[in-house]
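Colleague: Sharing a structure with you now.
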Number of protein chains: 2
Amino acid sequence: MKRIITLLAAALIAAGSISAQELANFRGGSQVKSPEMQDGKVTFRLNANYATVVNLSASWIEGAIPMVKGDKGVWEVTVDLPAAEIYTYNFVVDGVAVNDPQNYFVQRDGTRYLNMIIAPGERSENYSEADQRGTVSYKWYDSKILGINRRVTVYTPYGYEKNPKAKYPVLYLLHGAGGDEEAWSSMGRAAQILDNLIQKGEAKPMIVVMPNGNPNQQAAQTLGLPTSNLDFRNDPSLANAYVRSLCEEIVPFIEKEYRVIAKPESRAIAGLSMGGGHTITASNLYPAMFDYICPLSAAGSATPEQVAALKKAGVKLYFLACGTSDFLYEGSVKLDQTLTEQGLDHIFYQSEGGHTWANWRLYLNTFAPKLFK
Amino acid sequence: MKRIITLLAAALIAAGSISAQELANFRGGSQVKSPEMQDGKVTFRLNANYATVVNLSASWIEGAIPMVKGDKGVWEVTVDLPAAEIYTYNFVVDGVAVNDPQNYFVQRDGTRYLNMIIAPGERSENYSEADQRGTVSYKWYDSKILGINRRVTVYTPYGYEKNPKAKYPVLYLLHGAGGDEEAWSSMGRAAQILDNLIQKGEAKPMIVVMPNGNPNQQAAQTLGLPTSNLDFRNDPSLANAYVRSLCEEIVPFIEKEYRVIAKPESRAIAGLSMGGGHTITASNLYPAMFDYICPLSAAGSATPEQVAALKKAGVKLYFLACGTSDFLYEGSVKLDQTLTEQGLDHIFYQSEGGHTWANWRLYLNTFAPKLFK
């Protein structure tokens, strides 16, 4: 196949019918292998004959890692493979961030596309593709509350189509500040995690709904859609507009569009950082809507009265998670105390580290098996 | 919102709980605007204080375009805005390709992520988001013929969910060599083109199915799935395996999963380059399956007997398209002659230019209104 492509690329260029830029996928020139994992090490390489300084910037290593130029203009560095997890990296060529053109694995973080590696091991085993995979769909719904048509990512589990009479519980999974409706599927590996857990019989088959939590956005900015002109920060009539849209518009939309068990015991809500705040606000404003509540590294709080209302509503799982070095840790400790004082059975799951996707993947992988049981 | 994000980023970094790399979406430092369109010009800017040479590589301009360094380390160049179309570009910093970190608009071409601009005008007006948008889903089907579980992209038109009894015609839309099941939705803007045409009443509401045409691939390599070990090039029992899987597995799968009019008059097939070859092969092997056949810049041919079989089957539209400077143009001229000699009514749509996505978007925008009428 590679040979055919090379021949075709040569023919295309020779015929002058196509510019070299449009041939990105026909990768010519001197090929290097990057990254290359071997014997507990990982080697990164970049072809950059005219660069003065090339560094590796790696999410698991503090500071810049100098790369060394070989005799064919290929820069190289080998580092220890870190503990099992997903990590991101890029090269820095004369001060400018550059992706690894040899690495297919990329995640989007806002405007940046960062290369990924998955260091193998128990912790990351659910982050690669399972054999049985669900469907990921990008749908649109009209929000009257926010005044815009908005995109939502929906995961339906393997078997959804083959079991046309089955009804499913739903997890609403919310992103943080700077994220959008693709954050959990790109950086969070939500589809892979659910696929693996469901295939192993560890989690119930469920639908996962990942909306866009920025009330002024129609969708990820990658689509180039204009944002809303409403003043969500200052107009009091728009207070909690996104959470209201979630509970009064998105939940009914999903329950109409999909085969869903439309009851509190089959609804879960979880979110990270700002989305953890949305999770807490949703449970405060709509205490009887979700029986499973999972704020992760959350920016939010609940009063004793609000927690009492949740207890009265019969919440089945309250899974509070935070990294012990997270800058929001104290807020989680305080919420844990309020939950304890009000006698609401809950889990306070504390992990090492801070405000990172490594933790949020871990939390999803940990609480998803506890849902709807 | 931007202010909140900046404050949050500062808090996160101050707390030491997160590395700068994980804050890609919290874009700090000196911001530049790029690209900036104004008065028929477009300006590109890149912050690169330590670079020696920075060029712009633009799909609509031959050769490298030198950028000039300003006093704050920001490199800049202004060029004329080209005629209405989608164009791609990147920066080249000391010989290494770099994306524009300020531009959200990105398309994936194999392993490369290229920034896009849409030059406005009549030709590109269907390439931006319409007000009424369909759903794009990534589904999986089991292929016995290819021995792997494979991903397929499916577009369902606006209104599909709201009209639960409506049945729809289906366009099977195939990519070229080096592409995958995301090529038509990323580079081809297929969802935007169909959304706009359907909203304007110019095309019939239809489902569009975009499979992966590389028989050894389960899905786009961005997912990291292993490829098949079967020898598709040399094993004679695997001849035309992908086209057989398309017609004997994907078509039945779609007709079971979706509300589809499962008749030849409601099936269309179109494809570019290698996918144009697949289109011709499918119509040769299964002459009674598709009433609408659209080979685009196609790498393929049909014998007089095969064309006669299509005529006998009652093909309703044969839309053959090619750029006059395409390296495959002579093959299209020859096919046009065979179609004429056999008396098969057809359109030979010739455009300027060659083997480019600009042409393939134009062709889709041109033939989609002719389908199923």
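The values are calculated or read from the model by the stated rules, or taken from the named source; none is laboratory data. Quick caveat, the model's predicted, so the values are computed rather than measured. Virtual Cβ from ideal backbone geometry, glycine too; neighbours counted across all protein chains shown.
Colleague: Quick one: would you say B:Met187 is in contact with a Leu (Cβ under 7 Å, 6 or more places away or on another chain) and crowded, with 20+ Cβ neighbours inside 10 Å?
Modeller: no
Colleague: Could you tell me how many of the residues in region B:68-126 are surrounded by fewer than 16 Cβ atoms within 10 Å (Cβ to Cβ), touching an Asp or Glu at 6+ places or on another chain (Cβ under 8 Å) and farther than 21 Å from B:Ala358 by Cα?
Modeller: Qualifying residue count for the region: 2.
Colleague: While we're on this one: Sort out which residues of region A:148-176 are assigned to a loop (DSSP other than H, G, I, E, B) and of a type in the set (S, T, N, Q), and write them in order of number.
Modeller: So the first thing to find is which residues in region A:148-176 are assigned to a loop (DSSP other than H, G, I, E, B), and the list is A:157-167, A:169, A:175-176.
Within region A:148-176, just A:Asn163 meets the criteria.
Colleague: Please go through region A:177-190 and give me each residue that is more than 10 Å from chain B (Cβ to nearest Cβ), part of a loop (DSSP other than H, G, I, E, B) and more than 17 Å from A:Trp140 (Cα to Cα), ordered by number.
Modeller: A:Gly188, A:Arg189
Colleague: Please pick out the residue among A:Val243, A:Val307, A:Val315 that is under 13 Å from A:Tyr172 (Cβ atoms) and of a type in the set (A, V, I, L, M, F, W, C). Walk me through how you get there before you give the answer.
Modeller: Numbers: A:Val307 fails: under 13 Å from A:Tyr172 (Cβ atoms); A:Val315 fails: under 13 Å from A:Tyr172 (Cβ atoms).
Being under 13 Å from A:Tyr172 (Cβ atoms) and of a type in the set (A, V, I, L, M, F, W, C) holds for just one of A:Val243, A:Val307, A:Val315, which is A:Val243.
Colleague: Another question, then. Does any residue in region A:66-83 that is in contact (Cβ under 8 Å) with a residue 40 or more places away in the chain come within less than 6 Å, Cβ to Cβ, of a residue that is surrounded by 15 or more Cβ atoms within 10 Å (Cβ to Cβ) six or more places away or on a different chain, and which pairs are these?
Modeller: From residues that are in contact (Cβ under 8 Å) with a residue 40 or more places away in the chain, the pairs are A:Val74/A:Val32; A:Val74/A:Arg45; A:Val74/A:Asn47; A:Leu81/A:Val42; A:Leu81/A:Ala119.
Colleague: Let me ask something additional. Give region B:295-345 a look and list any residue that's of a type in the set (Gly, Ala, Ser) and touching a His at 6+ places or on another chain (Cβ under 6 Å), or say none.
Modeller: Here is the first cut: in region B:295-345, the residues of a type in the set (Gly, Ala, Ser) are B:297-302, B:308-309, B:313-314, B:321, B:323, B:325, B:331-332, B:343.
Selection gives B:Ser297 alone.
Colleague: Now a separate question. Based on this model, can you work out whether B:Asn216 counts as within 28 Å of B:Thr111 (Cα to Cα) and either within 13 Å of another protein chain (Cβ to nearest Cβ) or modelled with pLDDT under 95 (or both)?
Modeller: Taking the combined requirement at face value, the residue satisfies it.
Colleague: Taking the condition of being touching a residue at least 40 places away in the same chain (Cβ under 8 Å) and either closer than 17 Å to B:Ala83 by Cα or away from chain A (no Cβ under 11 Å) (or both), how many residues in region B:40-55 meet it?
Modeller: 5
Colleague: Restricting the search to region A:158-177, which residues are surrounded by 24 or more Cβ atoms within 10 Å (Cβ to Cβ) and over 18 Å from A:Ser266 (Cα atoms)?
Modeller: A:His175, A:Gly176
Colleague: In addition: Under the condition of being touching a Lys or Arg at 6+ places or on another chain (Cβ under 6 Å) and farther than 29 Å from B:Arg150 by Cβ, which residue from region A:142-176 is nearest to the other protein chains (Cβ to nearest Cβ)?
Modeller: For region A:142-176, the residue satisfying everything is A:Ser143.
Colleague: Still on this structure, please answer the following. Looking only at region B:56-109, count how many residues are more than 12 Å from chain A (Cβ to nearest Cβ), part of a loop (DSSP other than H, G, I, E, B) and not aliphatic (A, V, I, L, M).
Modeller: Selection size over region B:56-109: 4.
Colleague: Output the residues belonging to region A:230-260 that are within 25 Å of the chain's Cα centre (by Cα), outside any helix (DSSP H, G or I) and away from chain B (no Cβ under 14 Å).
Modeller: Across region A:230-260, the qualifying residue is only A:Asn240.
Colleague: With B:Ala302, B:Ala288, B:Ala308 as the choices, which residue is within 18 Å of B:Val243 (Cβ to Cβ), surrounded by fewer than 20 Cβ atoms within 10 Å (Cβ to Cβ) and more than 14 Å from chain A (Cβ to nearest Cβ)?
Modeller: Being within 18 Å of B:Val243 (Cβ to Cβ), surrounded by fewer than 20 Cβ atoms within 10 Å (Cβ to Cβ) and more than 14 Å from chain A (Cβ to nearest Cβ) holds for just one of B:Ala302, B:Ala288, B:Ala308, which is B:Ala288.
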